[in-house]
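Note sheet for the following structure.
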Number of protein chains: 2
Amino acid sequence: MSKPDFSPACPAPAGDGGTVQLAHGGGGRAMERLLDTVIRPAFDNAQLARRHDGAVLDLNGPIAFTTDSYVVKPLFFPGGDIGSLAVNGTVNDIAMCGARATHLSVGLILEEGLPLDDLRRVVASMRKAADAVGVQLVTGDTKVVDHGKADGLFINTAGLGPVVARSPIGPAEVRNGDAIIVSGDIGRHGIAVMAAREGFGFETVIESDCAALGDPALALVEAGIAVHCLRDMTRGGLASAAVEIAETAGVAMALDEAAIPVREDVRAACEVLGLDPLHVANEGRFVAFVAAGDAKRAIEILRGFAVSAGAAQIGAVTESPAGQVASRGVLGVSRVVDMLSGEQLPRIC
Amino acid sequence: MSKPDFSPACPAPAGDGGTVQLAHGGGGRAMERLLDTVIRPAFDNAQLARRHDGAVLDLNGPIAFTTDSYVVKPLFFPGGDIGSLAVNGTVNDIAMCGARATHLSVGLILEEGLPLDDLRRVVASMRKAADAVGVQLVTGDTKVVDHGKADGLFINTAGLGPVVARSPIGPAEVRNGDAIIVSGDIGRHGIAVMAAREGFGFETVIESDCAALGDPALALVEAGIAVHCLRDMTRGGLASAAVEIAETAGVAMALDEAAIPVREDVRAACEVLGLDPLHVANEGRFVAFVAAGDAKRAIEILRGFAVSAGAAQIGAVTESPAGQVASRGVLGVSRVVDMLSGEQLPRIC
């Protein structure tokens, strides 16, 4: 409804098996009931039980702090859902800072009419993903917007965690000669979501790679590898991550197309859809820039984790032209790689 | 558009004075341009300039951590807008933890077609509100959803800051005999937003009370007042805040209706709209529960700040029945106050 109802006795919102109602966002009794029956039981911890305006944490700096909103469509897709994505995505951003995520906030924007069973499934998935990596969902917020003014459910998570790395990790640290390593095959998440949304019937079901990356990323740091930059390859894919880092660091990059792991089914799907796998989103893959001398050991360490068993060096950082990423194809011809430029892959995370 | 466009050469999104396009959320070149021309210039700080996945902060615990999403409709209203609301609202939640906000994250969910000038106005307002209280917007995320799948612009902010209070502040600390103090007149924000949305022509323009509350709230703490709980009275108003705290603490509360400050124009608007001022949202008002012996001094301290110049004691905590809030009217008759129960006031923050 677009006009508020001023009648003093609005009907109570539906209960079990019902749908989200505007009153669930009003800050009153209906919201309390939604929080008590759906949200708090799913996240259940001492901080939330205090029912205060925020959590109080005993963290000691340096601390990594990040946020992402999740608007993926559809909410559920092979290999994941918006809930696991919202936990793993933010955990991964913290890991890319050389830090271990310990606490998340959760902001839910619900559309009036969303089945409560969908909401239950999403928050259960968030809890499961959080438990798997030992992070706590300690503070949150729930808003409801009228039917037609959102698309089921949007989630924001912000994350915190102590920095493990002892030297800075970031785009500005990347230097000439660094090895460029990806943690596994690329392009699965984007294709999985596109296929689920558009109902493409590929021969095999391609599952999202959605996963937490803290363990392999921090294993590099803890082993003393000279890690200069880490970046999870989400929206815009490997290409956009590489170009942004090259531009920020003022370096060039030379990629070897034959060395970039892409599964055959993903490659075939990309061909059908006219997509470059280098532009397709991942949610469980990262690229690491490490000192050349540490490359072999870094790959060995990554291959010790299931989530990064397919790690491979795919190129190296070069000096110039600054900001340019080139990829040498299997026929030996180099092409310039740019960021994703259009809108081929909306609502992918 | 609901179907992705696979054409290799999508037109570039509109620039200055244009609108948000789906490509602005794709993680590629168009998003970089939006960030470079609109977002980063507005927030401009060293953390964002690193272009990394998160900020690294030197904070030492205990640290308060909170989040809120903002879906207010309309985006601009007398006395504020979704941008100032998104900064002040989260700064206030941190203040209610007895902490001073130092860093915010910003998650933007933009609807395709949003005028870029509206976005510029909102991020400028965020920056202004952040500067006014000395908080930095250090990490962020921008998503775009297709036209019709959001309502202009939603914002999530998460906030961090060191705890100033040396004893715990929260609902569980409230005890029998505590004085209940509000920091000023109630109900303005809700009425301002409703009037702007529905085009009500009241005699005077009622402006939102949207403001940051860190200074007066922390002045109480720093002066050694025995502050047991602080709560900003947003969605659901004073009534919902009081009832939630009474239920959590297992205490009762007796309010004196005549002592609750409500401006005459707000009271008149509530009568026309059939609203109880105790249920109407505020965005620059809080309720403090302090030891009875400190009440007078607490009010004096609050009255020293413009934002809380209208502070007044409105009642006291009593022993039983647990969870019940009663309000004695001007004729001496008490009524039981409950949380907001319907959906009279959707999309108020």
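General observations
- Per-residue average of Cβ from other chains inside 10 Å of B:67-80: 4
- Residue with peak Gaussian network fluctuation, chain A [Cα springs, cutoff 10 Å], from A:Val333, A:Val163, A:Val145: A:Val333
- Computed 3J(HN,Hα) for the range A:45-55, one whole-Hz value per residue from the Karplus formula 6.51 cos²θ - 1.76 cosθ + 1.60 where θ = phi - 60°, is 8, 4, 5, 5, 5, 6, 6, 9, 7, x, 9, glycine and proline marked x.
- For the pair the range B:38-62 / the range B:297-349, the C-alpha centres are spaced 38 Å from each other.
- 12 Å Cα-Cα reach of A:Lys149 towards aspartates and glutamates, excluding residues that sit fewer than 8 places from it in its own chain: A:Glu111, A:Glu112, B:Glu111, B:Asp146, B:Asp151
- Distance from the range A:162-219 to the range B:76-118 (C-alpha centre basis), Å: 31 Å
- Other copies of A:Ala124: label-to-label distances in nm, shortest first, labels 7 Å along the beta-carbon direction: 4.9
- Here is how far apart the B:Phe76 label points are across copies: 4.3 nm, shortest first, using a point 7 Å from Cα toward Cβ.
- Position A:Gly177: other-copy label points at 7.2 nm, ordered by increasing distance, label point 7 Å along Cα→C-beta.
- Long-range HN-HN contacts of A:Ser334 with modeled amide H, under 5 Å: A:Gly329
- P(r) tail fraction, the range A:171-337 - alpha-carbon pairs more than 20 Å apart, %: 48 percent
- Dipole magnitude of chain A about its Cα centre (Cβ charges: Lys, Arg +1; Asp, Glu -1), debye to nearest 20: 480 debye
- Averaged over the residues of peptide A:41-53, the number of Cβ atoms from other protein chains lying within 10 Å of each residue's Cβ is 4.
- Listed residues B:Thr37, B:Thr234 arranged by accessible area, highest first, probe 1.4 Å: B:Thr37, B:Thr234
- Area of A:Lys128 that stays accessible when all protein chains are in place (1.4 Å probe, Å², to 10): 150 Å²
- Residue-by-residue Karplus 3J(HN,Hα) for the range B:324-329, coefficients 6.51, -1.76, 1.60, Hz, glycine and proline x: 9, 10, 10, 10, 8, x
- For B:Glu300, B:Glu203, B:Glu198, the ranking by accessible surface with the largest value first comes to B:Glu203, B:Glu300, B:Glu198, using a 1.4 Å probe.
- Backbone geometry of the range B:101-114 corresponds, through the Karplus equation with coefficients 6.51, -1.76 and 1.60 at θ = phi - 60°, to 3J(HN,Hα) couplings of 4, 10, 9, 10, 9, 10, x, 9, 10, 9, 8, 3, x, 4 Hz, x marking Gly and Pro.
- Globularity ratio of chain B, using Cα Rg and 2.2 N^0.38 Å: 1.06
- Per-residue mean of C-beta atoms belonging to partner chains within 10 Å, peptide B:167-174: 3
- Close amide H pairs (under 5 Å, H built 1.01 Å from N) link A:Ile314 with A:Ile180, A:Ile181, A:Val182, residues at least 5 positions away or on another chain.
- Here's how it looks for B:Val164: its modeled amide H is under 5 Å from those of B:Ala99, B:Arg100, which are all 5 or more places away or on a different chain.
- Exposure of B:Cys97 as accessible area (Å², to 10), given a probe of 1.4 Å and all protein chains: 10 Å²
- Cα-only Debye scattering, the range B:81-234: base-10 log of I(q)/I(0) at q = 0.11, 0.13, 0.15 Å⁻¹: -0.53, -0.71, -0.90
- Solvent-accessible area of A:Lys149 with every protein chain in place, 1.4 Å probe, in Å² to the nearest 10: 60 Å²
- Going by accessible surface with a 1.4 Å probe and the largest first, B:Arg33, A:Arg303 read A:Arg303, B:Arg33.
- With eigenvalues of the C-alpha gyration tensor scaled by 5 and rooted, the protein assembly as shown, Å: 46, 26, 22
The values are calculated or read from the model by the stated rules, or taken from the named source; none is laboratory data. All values derive from a computational prediction rather than experimental measurement. Counting neighbours? That spans all protein chains shown, and the Cβs are built from the backbone with ideal geometry, glycine included. The protein model used for the area step is the full one, side chains on, heavy atoms only, and it has no ligands, DNA or RNA in it. Shrake-Rupley method; radii C 1.70, N 1.55, O 1.52, S 1.80 Å.
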